[in-house]
1. Pop a pseudo-label 7 angstrom from the Cα along the beta-carbon direction at both Arg293 and Asn87 and give the gap in nm to one decimal.
2. Defining a contact as two alpha carbons under 8 Å apart and six or more residues distant in sequence, what relative contact order in percent does the chain show?
3. Which shape class applies to region 187-319: rounded if a/c is under 1.5, otherwise prolate when a/b exceeds b/c and oblate if not, where a ≥ b ≥ c are the square roots of the Cα gyration tensor eigenvalues?
4. Helix-only estimate, please: 222 nm mean residue ellipticity of the chain, summing -39500 (n - 2.57) across DSSP H runs of length 4 or more and dividing by its residues, to the nearest 500.
5. If you count, for each residue, the other Cβ atoms within 10 Å and average over each peptide, how do 133-146, 103-116 line up from highest to lowest?
6. Please give the helix 78-91 orientation as an angle from the longest Cα principal axis of the chain, in degrees from 0 to 90, rounded to the nearest 10.
7. Under a crude label model (7 Å from the Cα following the beta-carbon direction), how far is Glu226 from Lys10 in nanometres?
8. I'd like the orientation of helix 2-11 relative to the chain: the angle between its Cα long axis and the longest Cα principal axis, in ° from 0 to 90, rounded to 10.
Amino acid sequence: MREQIIQLAKKCDADVVGFAPASRFDKDDAIFKILPNAKTVIGLGFRILRGIFRGVEEGTTYYQYTTMGVENLEETVMPMALLRVSNLIEGEGYLAVPQRINPLILNEDGTTNPEVDYTDVYHGVKAENQIDFLDCAVKCGLGERSKINSLLNDEFGPFIRYCFIITDMELEQTPLMEKHLCDNCGECIKACPGRAIGANGKTDTWRCAVYYNGANGSKNPFMPPEAFATFDHDKKMQIINGQAEFNSEEAKEILDNIYFYPPAKHFYRTSICGRACDRACYMHLEKKGVLTRKFNRPFREKQDWKLSTEQFENFGKDKE
């Protein structure tokens, strides 16, 4: 049955399949609140294509990552795989509870999700009754936890998304991955255009949202010269240069003035930073030669580009 699950999941475009026994989870873990007699958590990992990031790398088109690497995986490919595998399990007389991330429900108060509009995020439910997706991915053997709490996989590095099935079927476990990919190099932290990741690896989700959506003018070719014209000039330039300090309420004001590029079809925001942290991590792992999936050309073949912010500095001065 385990092999049937793996084969079917891969036919449904899962690239990695892992199995965590219930014994790997604490007794008060959310998996037992969802299915008290859970025996196994099945993890399905889906690669994010390297080519999806080309538009960001070249500074041309940006919707490919969001529409194909986020929206279509999360809303179409992954749910179909979950349903197909769950149907197989329930056909054998066992329960299957599919689990996919709800991007609008967060575990921590006072945070946001950069991938969606902050006005859609909801904190009023019992989020502790939702599984910890990253923890499940690690326990299913899909990869290891990075310095900044992303998942790193041997084949795809950080270019992977994942979902799960909780079942009362007992299945042979996948070994845990020993930590060997993340070497705490800090390239992910340095790559963020808004300094949203601290030296300890913790991300300020509001700063992340602001710069995920493109507040840094040197990395946003779609930002018009009049951007943030209603802001205090010094504050405006600090925002555009990725240096401003702000709280969550100020972040909301910035986000309300930042949408210069179309969102995706559903409610996902277009990533103008292009997951700079993940791209930097991937390039570091590729350069080290530790990724098992090889390509005939390196991910980045020329120096990373950066735009001048002079047009923002000078906007309106001709009217003075």
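1. With each label placed 7 Å out from Cα toward Cβ, I get 2.6 nm.
2. Result for the chain is 22 percent.
3. prolate
4. -7500 deg cm²/dmol
5. Put in order of decreasing packing, that is 133-146, 103-116.
6. The angle comes out near 10 degrees.
7. About 5.6 nm, to one decimal.
8. Roughly 40 degrees, rounded to the nearest 10.
Bear in mind these aren't lab numbers, they're just calculated from the coordinates by the rules spelled out. What you see is a predicted model; the values in this text were computed from it and never measured. Note that we place each Cβ from the backbone using ideal geometry, even for glycine, and neighbour counts take in every protein chain shown.
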